[in-house]
Amino acid sequence: MTFLSIREVGPRDGLQNEDPVPADDKVRLLDALSGTGVGRIEAVSFVHPKAIPQMADAGEVWERAKKNPAVRYSALVPNTKGAERALAAGFTEIEVVVSASDTHNRRNVNRSTDESLDDIAGLIDLLHRGGASAEVIIATSFGCPFEGDIDPARVAGIVDRVVADGADRVAFGDTTGMGTPRRVEDVVGPVRERHPDLPLLLHFHNTRGTALANILTALRLGVTEFDASIGGLGGCPYAPGATGNVATEEVVHMLHDMGYETGIDLGELLEAGRLAQQIVGRELPSGVLKAGPRVPLAKS
């Protein structure tokens, strides 16, 4: 049985796109997700509170959370100060992000893609010296709300650059849900050929209903690591029209039914999804959360 790694990103990517919720609720959600069997969780991001006020209490949330030793926790950082805060908090898996789209990158961090790549080279060195691994997330890998299509060769070139600078792993972000199976093949295929041993993770949004199909395509290309967000929480504050991430329970339901193993208890995951709905005060888009797991039809 093939094991697939799911990283739960609801506590960070999900909640940063909602109205700010109290630290107590963030801790409750993080602890609930830590008990589902998920192997990886993106817990917080260390960003300036004026940029992302929803993450202003990241240090407090992380300090109060119950750390499950079976879970690998990670944090997202935008710059040197954020990286230093994450290292001081004890994180050993840290993510940095750059956009394949120059326009989106400027909207996100107020600098060009090339300028961000120069900064990331220094961040990778800082993280390694601090005893942490560095994952580079390439946002808008499958399309940009401002520039439209993104040339896969541009994405591959960014991968070449960050690998040469020492990145430990790379993630492709479908920031606005423009990804389709064809685009997944166009982006992932060449990178797989050039860097066959590079750990890859894919992050899909379900804006246009293609996220699960994209995951199936990536599986055929040998990808075994995916992001997902409880209930389908998430989006992107700097990408107009970007709706939620693919829901973790939808991904787990599909993969388990296909015979893959994730280590995640779907029942516990659904309980965490109901908690997430309670915390944000609205119904979340996950179909599995609404309908429950598949129930076999009675024989006629």
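Remarks
- Tallying residues that are part of a helix (DSSP H, G or I) and hydrophobic (A, V, I, L, M, F, W, C) within segment 64-73 yields 0.
- Qualifying residue in segment 74-87 (condition: at pLDDT below 95, among the hydrophobic types (A, V, I, L, M, F, W, C), buried (at least 16 other Cβ atoms within 10 Å of the Cβ) and in a helix (DSSP H, G or I)): no
- Close contacts from segment 142-162, counting a first residue that is more than 16 Å from Asp114 (Cα to Cα) and a second that is acidic (Asp, Glu) and open to solvent by 10 Å² or more (accessible area, probe 1.4 Å), with Cβ to Cβ under 8 Å and a gap of 6+ residues or different chains, come to Gly143/Asp149; Glu147/Asp102; Pro152/Asp186.
- Candidates Arg12, Arg40, filtered to the one that is under 13 Å from Ala75 (Cα atoms) and open to solvent by less than 10 Å² (accessible area, probe 1.4 Å): Arg40
- Hey, Pro20 under 24 Å from Glu261 (Cβ atoms), open to solvent by 50 Å² or more (accessible area, probe 1.4 Å), out of contact with any His (no Cβ under 6 Å at 6 or more places or on another chain) and outside any helix (DSSP H, G or I) or not: no
- A count restricted to segment 88-144 and to residues that are β-branched (Val, Ile, Thr), more than 15 Å from the chain's Cα centre (by Cα) and open to solvent by less than 30 Å² (accessible area, probe 1.4 Å) stands at 3.
- Flag: Asp168 does not match the condition of being in contact with a Phe, Trp or Tyr (Cβ under 6 Å, 6 or more places away or on another chain), surrounded by 15 or more Cβ atoms within 10 Å (Cβ to Cβ) and acidic (Asp, Glu).
- Of all the listed residues (Val38, Val96), the sole one being of a type in the set (Val, Ile, Thr) and either farther than 15 Å from Ala132 by Cα or in contact with a Phe, Trp or Tyr (Cβ under 6 Å, 6 or more places away or on another chain) (or both) is Val38.
- Looking only at segment 129-179, and only at residues there that are more than 30 Å from Glu84 (Cβ to Cβ) and among the aromatic types (Phe, Trp, Tyr), the one that is modelled with the lowest pLDDT: Phe146
- Count - residues of segment 41-58 that are part of a helix (DSSP H, G or I) and closer than 16 Å to Leu233 by Cβ: 2
- Of all residues in segment 1-17, those that are assigned to a loop (DSSP other than H, G, I, E, B) and of a type in the set (Val, Ile, Thr) total 2.
- Residue match in segment 259-281 (condition: more than 21 Å from Val38 (Cα to Cα) and either among the acidic types (Asp, Glu) or surrounded by 15 or more Cβ atoms within 10 Å (Cβ to Cβ) (or both)): yes
- Here the strands (runs of 3 or more DSSP E) wholly within segment 142-234 that include at least 2 residues being under 23 Å from Asn105 (Cβ atoms) are 169-174, 200-204.
- Qualifying residue in segment 245-252 (condition: touching a residue at least 60 places away in the same chain (Cβ under 8 Å), in contact with a Leu (Cβ under 9 Å, 6 or more places away or on another chain), open to solvent by 10 Å² or more (accessible area, probe 1.4 Å) and not in a helix (DSSP H, G or I)): no
- Only one of Val38, Val98, Val27, Val61 that is of a type in the set (A, V, I, L, M, F, W, C), part of a loop (DSSP other than H, G, I, E, B) and at pLDDT 95 or above: Val38
- Options Val184, Val188; residue that is open to solvent by less than 40 Å² (accessible area, probe 1.4 Å), more than 15 Å from Ser5 (Cα to Cα) and out of contact with any Ser or Thr (no Cβ under 6 Å at 6 or more places or on another chain): Val188
- Number of positions in segment 187-226 that are over 13 Å from Ser141 (Cα atoms) and among the β-branched types (Val, Ile, Thr): 6
- Any pair with Cβ under 8 angstrom, 6 or more apart, that starts in segment 103-118 at a residue that is closer than 11 Å to Phe146 by Cα and ends at one that is assigned to a helix (DSSP H, G or I): Asn105/Thr113; Asn105/Ser116
The values are calculated or read from the model by the stated rules, or taken from the named source; none is laboratory data. Since the model is a prediction, treat every value here as computed from it, not as a measurement. Glycine also receives a Cβ, built like all others from the backbone with ideal geometry; neighbour counts cover every protein chain displayed. Ligands, DNA and RNA are stripped out before the accessible areas are found, and what is left, the full protein with its side chains, is counted by its heavy atoms. Shrake-Rupley method; radii C 1.70, N 1.55, O 1.52, S 1.80 Å.
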